[in-house]
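These notes concern the structure reproduced below.
Every number here is computed from the coordinates shown, using simple stated rules; none is lab data. The shown structure was predicted, so the numbers you read here are calculated from the model rather than taken from an experiment. Quick reminder, even Gly has a Cβ in these numbers, built from the backbone with ideal geometry, and neighbours come from all protein chains shown.
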Ligand code: 5GP
């Protein structure tokens, strides 16, 4: 296959609302499939192994790194997170459109490996709002929130390196923007040709 499914890489500082947006995007678009990452952090709240993440020990993570099992991985907030080859290989071959919900370091690694990947950065409307959202989530200790806020400054500074920037002020507006980006990507010549090969052949297009 000369052009596999579209790859959408979505990054944001924690608290920008990325997970809720991605969840809503996936619920409304059956062609999108989420890549499930591996992490060394412990599950939070209702999270389930194999659904939000594969929760593994640092030793198991090391073993996967040694075995070259990750397409990308990074240290984020004192833990390690990675996208396994397995998480995307089958889906890419099946021609699915894949969503990677990862940090900016992972996003840049993916863009290098797959230049056709579309990178999207989600910004909060302000620092105050970001802090308020992190505190409201109530899932993390004060110490964890402070670390995430400190890291957020570094994360937000990466926005200029992304293809698209979406400001999550109003949730519905941000979701519509996200849908717009995924749909626009699907109208690109190679993406259309992959989905509608008969039409292109009939029109004698390369
Ligand atoms: P959380 O612990 O809040 O679920 O995630 C923390 C950060 O790690 C988020 O920015 C999340 O997108 C990122 N992350 C999740 N999975 C991966 C991954 O596979 N690779 C990388 N590089 N970052 C990830």
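Within the listed set 96, 87, 153, the residue fluctuating most in the Gaussian network model of the chain (springs between alpha-carbon atoms under 10 angstrom) is 153. Given a Förster distance of 30 angstrom, what is the FRET efficiency for residue 126 paired with residue 78, based on the Cβ-Cβ distance and rounded to 0.05? After rounding, the FRET efficiency stands at 0.70. Report summary: the helix-based calculation at 222 nm, which adds -39500 (n - 2.57) for every DSSP H run with n ≥ 4 and divides by the residues of the chain, gives -13500 deg cm²/dmol. Highest mobility in the GNM of the chain, judged by mean-square fluctuation with C-alpha springs under 10 Å and restricted to 53, 104, 81, is found for 53.
Taking Cα atoms only, the orientation of helix 104-113 departs from the longest principal axis of the chain by about 20 degrees. Taking 40, 119, 83 in turn, the Gaussian network model of the chain (Cα-Cα springs below 10 Å) assigns the largest fluctuation to 40. For the range 1-66, the relative contact order works out to 21 percent when only alpha carbon pairs closer than 8 Å and six or more residues apart are counted.
Go ahead and run the numbers for FRET between residue 200 and residue 68, Cβ-Cβ distance against an R0 of 45 Å, rounding to 0.05.
0.80
Computed on the range 34-165, the Cα convex hull volume stands at 121 Å³ per residue. The length gained on full extension between residue 141 and residue 116, counted as 0.36 nm times the residue separation minus their Cα-Cα distance, comes to 5.1 nm.
Across the range 93-206, Cα-Cα pairs more than 23 Å apart make up 45 percent of the total.
Across the range 121-206, Cα pairs under 8 Å and at least six residues apart give a relative contact order of 33 percent.
Label point of residue 133 set 7 angstrom out along Cα-Cβ; within the range 168-192, amide nitrogens under 15 Å from it belong to 168-178. With both residues required to sit in the chain, DSSP beta bridges show an antiparallel share near 30%.
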